[in-house]
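Notes for the one structure printed next.
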Amino acid sequence: MGDTGQFAEIIVDISARSVDRVFHYAVPADLKDRVKPGARVLVPFGARRLAGYVLGFGYPERNIRVREIAGVLDDEPVLTEDLLEIARWMADSYLCTTAEAFARIIAPRLGVKATRAVKLLKPAFPARKSQEVLNRLKHAPKQAAVLRQALLNQSLTRKELAAAAQTSPATVDALVKAGLLEAEILHASNYQEENRIVHSSGGVTPLNADQVKAAREISQALTEGKFGVFLLYGVTGSGKTEVYLDAIASALAAGRQAVAMVPEISLTPQMIGLFRARFGSLVAVLHSGLAGRERYEEWRRVKKNQAPVVLGTRSAVFAPLSAPGLFILDEEHEPSYKQDDHLRYHAREVAIKRAQLSGAAVVLGSATPSLESWFKAGCSGPYQLLKLPHRIDKKPLPQVTVVDIRQELKDGNRGIFSRRLVAAIYDRLQKGEQTILFLNRRGYANFIICRECGHVIKCDHCDISLTYHLDGTLRCHYCNYSARLPSVCPCCGSVYIRPFGAGTQKVEDEAARLFPAARILRMDSDSTARKGSHEKIINAFRQGEADILIGTQMIAKGLDLPMVTLVGVINADTTLFMPDFRASERTFQLLTQVAGRSGRGKLPGEVLVQTYSPDHYSIAAAARHDVEGFYRIELPLRKSLGYPPFSFLVRMLFTHADEAEISKGALLAKEILDKILAGHDNLIEALGPAPAPLGRIKGRFRWQIVIKGRRRSELRDIIRQCLDDLQKLRPSFKPAINIDINPQGMQ
Ligand SMILES: [Zn+2]
Ligand SMILES: [Zn+2]
């Protein structure tokens, strides 16, 4: 404990705003060595015993009775120094309690103890000697095969190694005896024998000139140990992953650790392969799809610095690294980097904060960067822009054609598939090539579209599509403007004006009817509810077991499927008219990502985009592969409407089971907010209250207030005050409140 103080400063694990502060506890002599910053302890609190997190040591301010720590929960601190700091920063930034932030950071339940010792074998000579050793084994091909596998995989068990080299364990034993392989003991709770063996011969792919330039900038920052954020903007198929791998190698060379994040669990198997091929057993995988024990084992390897390379989804940003040097977010524009339950943190923001604390580099990679990142990588910074403008091997980007489905209706085709798309699919079936059919459902809302002219009814004040409610009204979910459903299109007078939508199931049925001989697979959140089913569907498709893959946004990203030569977007309008100010941006990003799935192999790719709005700038720009052209139009539009990145938005979401309570509560909250705002300048605007686009989930009604302002810290202060004021009105004020700072969607 040293000279710093007598008492441990502890955050008690209780999620109430009123007790979200540091408490002091005395450290009994027998626990002295184990009570360390970052450790979890057991403390008396009122009449209860609760868990707590040790922040550090100090003296209580007033002369109060200090109680004693009752026990220590972990043999070693579970939190690193910088994560202690991150928790306090999260509490401040996202208006949650510090205990909630801690709970999020250590999300994998860390209660499991290691039970089994596993013996892993690795080469007993330095890598540079490998060719020499292999030459010596010229006359023992089986032993050479084992050694090659050992070099490729680093740490496998005796049995795994024999299986990988297709030989007997006796051959492996011979190499151990000869001193060419040595054992390393891993204490694992549940050692996973599957999915560890890398089959592709790994090693380093030579980088092209653009990749070298980007990699050099990042590695320079890593060598200097200075904080910096890089936006790696590379067209689909331009080889961003190779730049990531190179940057990770630089981080390791500098004696630091790296975290690489991908937006969806479904993308990890492909990445794991690439990462293990390059870094072998130095890679740990952390994501929520892992079972508790497996996750604990990986977490422990990271904590013990046995795995300095962490690959995972959003939550990997909290990896317990002692000296983080690099944080990578692949597809940084993806909304899934934002946690969407009660603690709505953004992995990009946390990564940047952690990097600031530890002098690390952040690499944000995307073919279609978020508007916010693009804006920050502009001429004035603060991000540095790195470009990969060409596909690897100069492969052309696929030909994108926009199909106007208003014309189909005029010509008497009322089906989901245009004649052009039907012909293109038929052509692929004949040639034995593969097709992906894409339909976005996320953010789906019942907007009203004219099927003859494509007109969508929007709010006059917010430029947001109005949502259709079953009582026949149309409503804006930002400002609560409402209107009756018109009987004819206000634009062209057509009677074909109605709610919009078709699901993946319907697309599958129609495809089966049109192409009875085709083998069809469907991938969406319904068909992939079971663990590992993503992988199964993708593998089956990659191995040519189906002709057509139908899916939602899950299939849009990152997958490399060389036999796909046609991508059909069933309807681009589903995202284009989401009730969200990011609708155009999301549409552009999705179309570009989807188009990037086509023509990645030797055959050229084609993309057909069906839409009612063929002239919309985000669709036209995606069809031209004109990323920068899109930003040139979208940025001034955002500016004129005062949306991010020119402002900050906060959503206050109110939920309650009783419809009367929810509207009453939301109105009361708005009143209080208006009172607070009266004391501020008029640059802050509070819109609503209005029902959320998803007005009711699991029996709870949902209303929202959207607050818009220039400075994030000012917005936060106002909301904090509003929350405190509302707290005083309980229990007569009933709704639960959820705060979303910089929301990525407003469903
Ligand atoms: Zn409005
Ligand atoms: Zn019309």
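The values are calculated or read from the model by the stated rules, or taken from the named source; none is laboratory data. Quantities reported herein were computed from a predicted structural model and do not represent experimental measurements. Reconstructed Cβ throughout: ideal geometry from the backbone, glycine too, with neighbour counts over all protein chains shown. Ligands, DNA and RNA are stripped out before the accessible areas are found, and what is left, the full protein with its side chains, is counted by its heavy atoms. Shrake-Rupley method; radii C 1.70, N 1.55, O 1.52, S 1.80 Å.
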Open item on the list: Out of the residues in region 469-523 meeting the condition of being modelled with pLDDT of 80 or more and of a type in the set (Ser, Thr, Tyr), tell me which one is nearest to the chain's Cα centre (by Cα).
Closed with: TYR478
Task: Segments classed as helices (runs of 4 or more DSSP H), wholly inside region 319-412, with at least 1 members that are closer than 30 Å to LEU79 by Cβ - done: 347-358, 371-376
Open item on the list: For ARG67, only one of the following conditions fails: (1) in contact (Cβ under 8 Å) with a residue 60 or more places away in the chain; (2) open to solvent by 30 Å² or more (accessible area, probe 1.4 Å). What is its number?
Closed with: (1)
Task: Residue, surrounded by the fewest Cβ atoms within 10 Å (Cβ to Cβ), within region 374-420, restricted to residues that are more than 29 Å from GLU628 (Cβ to Cβ) and among the aliphatic types (A, V, I, L, M) - done: LEU409
Open item on the list: Just checking, does region 502-513 include any residue being of a type in the set (Lys, Arg), within 16 Å of ligand 2 (Cβ to nearest atom), open to solvent by 10 Å² or more (accessible area, probe 1.4 Å) and within 24 Å of ARG414 (Cβ to Cβ)?
Closed with: no
- [ ] Go through region 240-254 and count every residue that is open to solvent by 10 Å² or more (accessible area, probe 1.4 Å) and of a type in the set (Gly, Ala, Ser).
- [x] 4
Task: Close pairs (8 angstrom Cβ cut-off, 6 or more residues apart or separate chains): in contact (Cβ under 8 Å) with a residue 24 or more places away in the chain and open to solvent by 30 Å² or more (accessible area, probe 1.4 Å) in region 475-492, of a type in the set (Phe, Trp, Tyr) and within 16 Å of ligand 1 (Cβ to nearest atom) anywhere - done: ARG475/TYR481; LEU485/TYR468
Task: Complete set of residues in region 263-294 that are open to solvent by 40 Å² or more (accessible area, probe 1.4 Å), at pLDDT below 85 and out of contact with any Asp or Glu (no Cβ under 9 Å at 6 or more places or on another chain) - done: ILE265, SER288, ALA291, GLY292, ARG293
TODO: Determine the pairs where a residue that is closer than 22 Å to ALA546 by Cβ, located within region 407-434, has a partner that is open to solvent by 50 Å² or more (accessible area, probe 1.4 Å) with Cβ atoms under 7 Å apart, the partner being 6 or more residues away or on another chain.
DONE: ILE416/LYS506; PHE417/LEU514; VAL422/LEU514; GLU433/MET563; GLU433/LEU603; GLN434/MET563
Task: Any hit, region 439-457, residues being crowded, with 21+ Cβ neighbours inside 10 Å, of a type in the set (Phe, Trp, Tyr) and away from ligand 2 (no atom under 16 Å from the Cβ) - done: no
Task: Matching residues, region 314-373, being of a type outside the set (D, E, K, R), closer than 15 Å to PRO743 by Cβ and open to solvent by 10 Å² or more (accessible area, probe 1.4 Å) - done: PRO335, SER336, GLN339, HIS342
